[in-house]
Amino acid sequence: MSNECLISLPGNTCTCTADKPIAFFLYLSAPLHSHMRMGLSPLNAHRHSYNFINNNVCLLCSTRIENTFHYFLKCPTLANQRVTLMNRVTNILLMSNT
Ligand SMILES: [Zn+2]
């Protein structure tokens with residue numbers, strides 16, 4: 001396996017161990033994943049639904065409500081990161097099928 005972390009995005013320094021990047025990513029993302037599914041994440045739509053903030057609009061693009069769907073699939077500001085993530089996930093899946 002390459003020493004390059006498969007999870008970190010360009011420009012971000014990854015602190016995970018190179019031989020177990022997927023396990024480390026899953027370890028870190030599990031609580032946030034649960035919070036997103038339950039509507040308790042730091043996303044503005046979730047915080048707005050509990051009256052923690054007054055505005056549910058995405059601060060990255062200011063065009064839509066910042067909910068889970070928008071954050072992961074639609075926010076134009078995150079388009080490059082989304083493409084990078086999908087390419088890396090595709091590579092991981094392709095490597096696991098060989
Ligand atoms: Zn947005």
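Observations on the structure shown:
- For first residues located in the range 70-86 and over 14 Å from Ala45 (Cβ atoms), partners that are within 11 Å of the ligand (Cβ to nearest atom) and lie 6+ apart or on another chain with Cβ distances below 6 Å form the pairs Pro76/Cys61; Thr77/Leu60; Thr77/Cys61.
- Scanning the range 46-67 for residues that are among the aliphatic types (A, V, I, L, M) and over 21 Å from Gln81 (Cα atoms) returns a single hit, Ile53.
- In the range 23-46, of all residues being assigned to a helix (DSSP H, G or I) and modelled with pLDDT of 90 or more, the one that is farthest from the ligand (Cβ to nearest atom) corresponds to His46.
- Within the range 47-82, restricting attention to residues that are closer than 16 Å to Leu32 by Cβ and not in a helix (DSSP H, G or I), the residue that is farthest from the ligand (Cβ to nearest atom) is Asn67.
The values are calculated or read from the model by the stated rules, or taken from the named source; none is laboratory data. Since this is a predicted model, take the numbers as computed values, not measurements. Here the Cβ is made from the backbone with ideal geometry for all residues, glycine too, and neighbour counts use every protein chain on show.
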